[in-house]
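Written out below as structure tokens is the structure these notes cover.
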Amino acid sequence: MLEYSLHENVLTERKDDYAAQTHSKTVYTREQFIDLMLQRGTLVTKTDIVAVLNDVEETVSYIVKNGGMVNLPLFNIAFSISGVFDGVTDTFDPHRHKLHVNLSKGTLLRDAEKEVKLTKVNAPSPQPQILEVLDSVSGRVDEILTSGGAVLIDGVNIKLTGDKNTVGLWFVAEDGYETQAVTIITNKPAQIAALIPSLKVGNVYQVKIVTQYSSGKDLKEPKTTVYGKTLTVE
């Protein structure tokens, strides 16, 4: 059962516009995913599952690195290029163009989507929301981070307040390691500007905000939001 609640839509001018926000009770990490496979019953061991998952992940990565597309029942992977080309003879320039790896739902996920049961719940305290992440050095949005540069984050209820040691702006690597932004330049409910800490070039990160702020009030416990888009360090 997937819970959802309604919140005032701050992106429109109408006061009677509301948007739905989902509340998943569980987020499965790789380890929890494997444990669930074992709990549901399987003839293979945990070691076998880990080995197969490693092979799947490495094979998909190999295909993508070599420009191949993936079409599986679970998901599909294809490519696209953004940016303007100056005439038919122009070629790809990483300073002007961006290659995107695009994931879409496969048949299994489309079928599962139809089976999800929804239940409406009372709206909790408004969650922090990240709407956009701008790398100030490159001027690019939702794409890259420049280590040592500045980042400008637009959102809702993202002001960093609170006395818990988890409160802050964090950059989360693919392996789960988190690096905190120490220098905060602007700290407002709808915008945060900060210096990007030293991050490894080429690595992919997600932006995470932890705060006890909510609509002008301080909460007893912090709330966390992780931006759904990944950003590559350049």
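The values are calculated or read from the model by the stated rules, or taken from the named source; none is laboratory data. Worth saying up front: this structure is predicted, and the values here are computed from it rather than measured. Because the Cβ atoms are built from the backbone with ideal geometry, glycine has one as well, and the counts that use them run over all protein chains shown. Side chains included, ligands, DNA and RNA excluded: accessible areas come from the protein's heavy atoms. Shrake-Rupley method; radii C 1.70, N 1.55, O 1.52, S 1.80 Å.
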Quiz prompt | Sites VAL204 and THR12 - FRET efficiency at Förster radius 30 Å, r taken between beta-carbons, to 0.05 | solution = 0.40
Self-check item: For HIS100, solvent-accessible area (1.4 Å; no DNA, RNA or ligand), Å²
Solution: 50 Å²
Quiz item: Who wins for biggest fluctuation among LEU134, LEU118, LEU36 in a Gaussian network model of the chain, springs between alpha carbons below 10 Å?
Solution: LEU36
Quiz item: What does a probe at GLU115 reach in the stretch 19-62, counting residues whose amide N is under 17 Å from the point 7 Å along Cα→Cβ?
Solution: 36-42
Quiz item: Sorted by accessible area (1.4 Å probe), largest first, how do SER104, SER82 line up?
Solution: SER104, SER82
Quiz item: Which residue, VAL27, VAL210, VAL70, tops the fluctuation ranking in a GNM of the chain built on C-alpha contacts under 10 Å?
Solution: VAL27
Practice problem: Tell me what the chain gives for mean residue ellipticity at 222 nm when only DSSP H runs of n ≥ 4 count, each as -39,500 (n - 2.57), the sum divided by the residue total, rounded to 500 deg cm²/dmol. | Solution: -5500 deg cm²/dmol
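Using packing as a proxy for protection, rank 53-65, 142-154 so that the peptide with the highest average count of other Cβ atoms within 10 Å comes first.
142-154, 53-65
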Quiz item: Given Cα pairs under 8 Å that are at least 6 residues apart, what percent is the relative contact order of the stretch 59-105?
Solution: 37 percent
Quiz item: Given (i) 16.4, 46; (ii) 17.7, 61; (iii) 20.5, 60, which label gives Rg and Dmax of the Cα atoms in Å as computed from the coordinates?
Solution: (iii)
Quiz prompt | Residue-normalised accessible area of the stretch 42-134, given per residue in Å² at a 1.4 Å probe | solution = 74 Å²
Exercise. Please tell me the relative contact order of the stretch 1-151 in percent, rounded to the nearest whole number, where contacts are Cα pairs under 8 Å and at least six residues apart.
Key: 22 percent
Practice problem: Between ILE184 and THR29, take the C-beta separation as r, use R0 = 25 Å, and let me know the FRET efficiency to the nearest 0.05. | Solution: 0.30
Exercise. Return the distance in nm (one decimal) between the two label points of a simple spin-label model at ALA78 and ALA20, each offset 7 Å from Cα along Cα→Cβ.
Key: 2.6 nm
Quiz item: Separation between the THR166 and VAL52 pseudo-spin-labels, each 7 Å from Cα along Cα→Cβ, expressed in nm?
Solution: 3.3 nm
Quiz item: Relative contact order of the stretch 82-234: what whole-number percent is it, with Cα pairs under 8 angstrom and at least 6 residues apart?
Solution: 23 percent
Quiz prompt | Accessible surface of the chain, 1.4 Å probe, proportion on carbon and sulfur as whole % | solution = 54 percent
Quiz prompt | Most fluctuating residue given options ASP135, ASP163, ASP175, as computed from a GNM of the chain linking Cα atoms under 10 Å | solution = ASP175
Quiz item: Quick one: of the DSSP bridges fully inside the chain, what percent are antiparallel, nearest 5?
Solution: 90 percent
